[in-house]
There are 2 protein chains.
Amino acid sequence: MATIYEVSSLAGVSLATVSRVINNNTRVSDKTRKKVEEAMSELGYRPNSIAQSLASNRTNSVGILVSELHGPFFGQMMAGIESELRAAGKHVIITTGHSEEDREKEGIDFLISRNCDALIVHLEGLTDEYIINLSKGSTPIYFMSKIIPELEENCIYLDNELGGYLAAKALIDKGHTQIAYISGPKFKPDSKDRLIGHKRALSEHNLAFNDELYFEGDFKETGGKAGLKQFLTKKLAFTALVCANDEMASGAMTYAREHGFALPQDLSIIGFDNIIFSRHIYPKLTTIDNPVYDMGHMAAKLVLKNVYQQKNLTINHSFEPALINRDSIAQL
Amino acid sequence: MATIYEVSSLAGVSLATVSRVINNNTRVSDKTRKKVEEAMSELGYRPNSIAQSLASNRTNSVGILVSELHGPFFGQMMAGIESELRAAGKHVIITTGHSEEDREKEGIDFLISRNCDALIVHLEGLTDEYIINLSKGSTPIYFMSKIIPELEENCIYLDNELGGYLAAKALIDKGHTQIAYISGPKFKPDSKDRLIGHKRALSEHNLAFNDELYFEGDFKETGGKAGLKQFLTKKLAFTALVCANDEMASGAMTYAREHGFALPQDLSIIGFDNIIFSRHIYPKLTTIDNPVYDMGHMAAKLVLKNVYQQKNLTINHSFEPALINRDSIAQL
DNA sequence: ATCACATATTGTAAGGTTAACATGGCGACA
DNA sequence: TGTCGCCATGTTAACCTTACAATATGTGAT
């Protein structure tokens, strides 16, 4: 493989001049530029990207940390990030944190030790305190689907409150007044905000929130099952169920059907996230779209703008959820 | 950040000796080693991994090409590969090929230009000829879920014929004799092999394969719908339907239900792949497990063994599918 | 015409690590 | 005591960018 040195000697200029032609960031006279370009093509020269990284302190790689590589939510997220960065010639190094504090720390350390130019992370286990500290390091870090007030400029987040509101409103609009609610883990801000929106919708329509019809789930299938089980065991009256994500909605549906409910006639269920399989389950799940693919795109743009100096990009930090009407809510 | 040069001068040895201690691949006297180690810890020295890559021509990164980042099949595959490589301190650079010839070429070029030490790819668009040529390059390439006779040692593949056989047999064992079949695209070897297995099961049980009950699908939801639609339009008699993957099974189920079929009483359906949502759809889908997570693990091991010289690993090139019994097949 | 100065263009060298090759020292054996 | 051979260690080239240095070219004043 030809090196920059051979090019420079063939063109009769110094290394630096060749480098300047390659990166074209400083003025080079047209005559010199032409000589260098001819030498490059004659030798079939291609820069060694590792040497470029070493000399420039830039690896053109962005580290991604997600909780899991499988699962529809993260798939969409990665796809959004990757397509945007790939188009800019950057590559993504992906690793996982499994929603656990220690493994998230470890994953971030791993990515930093790999000299990523920036990190885009989806954290669920680490404390805000740790995160704020981390962001003082030399590797810029951006946060997906999360808002940390001190680092708002580095966050891309969903208006979860609005999502919670829309879900409740969808049920209310179809005549439901007795609405059960299975939330995500309380310590997660997403869970909290969705619930706040839910309560706002209720109170706007003069409906009371019933603590008996609240269950704290785990954002997994099991949470949906456990929540519905509790409500049924207590023999509470309700016609609709809000689940704070689609996995729990799916779990609740399975449980409901196993206990003789016809869906959606006997029980209306709404989910949250609009993950791909929500349209495959039966009845097709009405849910709240979480535009995670677009958010991935935007996170990538944020990196391109702040880290790779692509100036004319407009950044949207906050995204809006939207109601996706399908078949899992009955008109009362 | 301390450099190897500072370490060497503090320890009173040459750069090379420090490097030897770091990589401990050549004999260094105990006395010298101790001096160097003390100097390293005193300075808090950490090697610059870019410089290591540059000097050693090794990036410790493995390029992965999948068709899509989202989607359950590829999620499992990536998860398998990543977890194994990460444990070995290697990182994965992931990109997509979208099952199209040009984009697969482009993706591979991209990964090679990034100096990956090896590639693990899942190709659907490229011809075997092109692939064989590619494998003559200096970057070793390994193939997931594919078998190329000339490169068998670089392939990790599923026994699709057996899978097709098991699916048909599952239906036959429950008394079905009129079985429709929706295959994947004919040009894909996976599709062909699954169909061959299917036919073997039929003939072993003295059942004829009915060309009228065959439809070439696209491995997507739409293929399942279109296939079932054709069979119904032709008013053919059949009690069971084999779909060559789960997505098509899901599409067929939706279509069947929309046309008044009770499942599985009126129609038994079996899928292939056992993707995650197959247990969420209703009725829970009976399918053939495609151990793609394990295959990802194995591909990673293959790379560790061949490229990173981890010798004591046993490699399995061929994987066996297995029947997963759920609720979508009725006993006749 | 000459000089000083500004500006445009090009050159030099450092920076981090590995690996091939080179050197030096020491013991063994004749 | 000479020499062969081996073990431990040293030297150097390899990659490209960028801050700084140096040189060339042009401009305006005297």
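Things worth noting here:
- Sparsely packed trypsin sites (Lys or Arg not before Pro) within segment B:147-196, loop by DSSP, other Cβ within 10 Å at most 12: B:186
- Pairs from A:284/B:188; A:229/B:229; B:169/B:234; A:235/B:174; A:284/B:192; A:220/A:284 whose Cα-Cα separation, in the structure shown, is over 29 Å: A:284/B:188; A:229/B:229; A:235/B:174; A:284/B:192
- Of the chymotrypsin sites (Phe, Trp or Tyr not before Pro) found in segment A:169-226, those in coil by DSSP whose Cβ has at most 12 other Cβ atoms within 10 Å are A:187.
- Charge dipole of chain A about the Cα centre (unit charges at C-beta), most positive-ward option of A:165, A:9, A:178: A:9
- Full-extension gain in nm, residue A:23 to residue A:320, via 0.36 nm per residue minus C-alpha separation: 103.0 nm
- Copy-to-copy label distances for residue A:138, where each label lies 7 Å from Cα along Cα-to-Cβ, are 3.0 nm in order of increasing length.
- Label 7 Å beyond Cα on the Cβ vector: residue B:24 copy-to-copy distances, nm: 5.1
- 222 nm mean residue ellipticity, helices alone, for chain B (DSSP H n ≥ 4; -39,500 (n - 2.57); rounded to 500): -13500 deg cm²/dmol
- Compared with the dominant Cα axis of chain A, that is its longest principal axis, helix A:72-87 is turned about 20°.
- Shape category assigned to segment A:72-138 from the gyration tensor of Cα positions, a/c cut at 1.5: oblate
- Between residue A:1 and residue A:152, the FRET efficiency from the beta-carbon distance, with R0 = 35 Å, is close to 0.15.
- Inter-copy label distances for residue B:325: 4.4 nm (label point placed 7 Å from Cα along Cα→Cβ; shortest first).
- For the chain pair A and B, the buried solvent-accessible surface (1.4 Å probe, both sides summed) amounts to about 3800 Å².
- Measuring between their Cα centroids, segment A:1-29 and segment A:136-177 lie 49 Å from each other.
- Folded to 0 to 90 degrees: helix A:292-306 orientation relative to chain A principal axis, Cα: 30
- Average Cα contact separation per residue, chain B, under 8 Å, 6 or more apart, as relative contact order %: 17
- DSSP-loop trypsin sites (Lys or Arg not before Pro) across segment B:207-292, with at most 13 other Cβ within 10 angstrom: B:234, B:235
- Of all DSSP beta bridges in the protein assembly as shown, antiparallel share, percent nearest 5: 10
- R0 of 25 Å, Cβ-Cβ distance residue B:196-residue B:266: FRET efficiency to nearest 0.05: 0.30
- Sulfur and carbon atoms: percent of accessible area, the protein assembly as shown [1.4 Å]: 48
- Angle between chain B longest axis and helix B:30-43 axis [Cα atoms, degrees, rounded to 10]: 80
- At the residue level, residue A:311 shows approximately 130 square angstrom of accessible surface with a 1.4 angstrom probe and all protein chains present.
- In Hz, Karplus ³J(HN,Hα) per residue of segment A:138-152 (6.51, -1.76, 1.60; θ = phi - 60°; x = Gly, Pro): 7, 8, x, 10, 10, 10, 8, 6, 7, 10, 10, x, 5, 10, 3
- The H on the amide N of residue A:120, modeled in the peptide plane, is under 5 Å from the matching H of A:63, A:64, A:65, A:142, each at least 5 residues off or on a different chain.
The values are calculated or read from the model by the stated rules, or taken from the named source; none is laboratory data. Being a predicted model, the structure only gives us computed values, none of them experimental. Note that each Cβ is placed from the backbone with ideal geometry, even for glycine, and that neighbours are counted across all protein chains shown. Heads up: the accessible areas ignore ligands, DNA and RNA and are worked out on the full protein's heavy atoms, side chains in. Shrake-Rupley method; radii C 1.70, N 1.55, O 1.52, S 1.80 Å.
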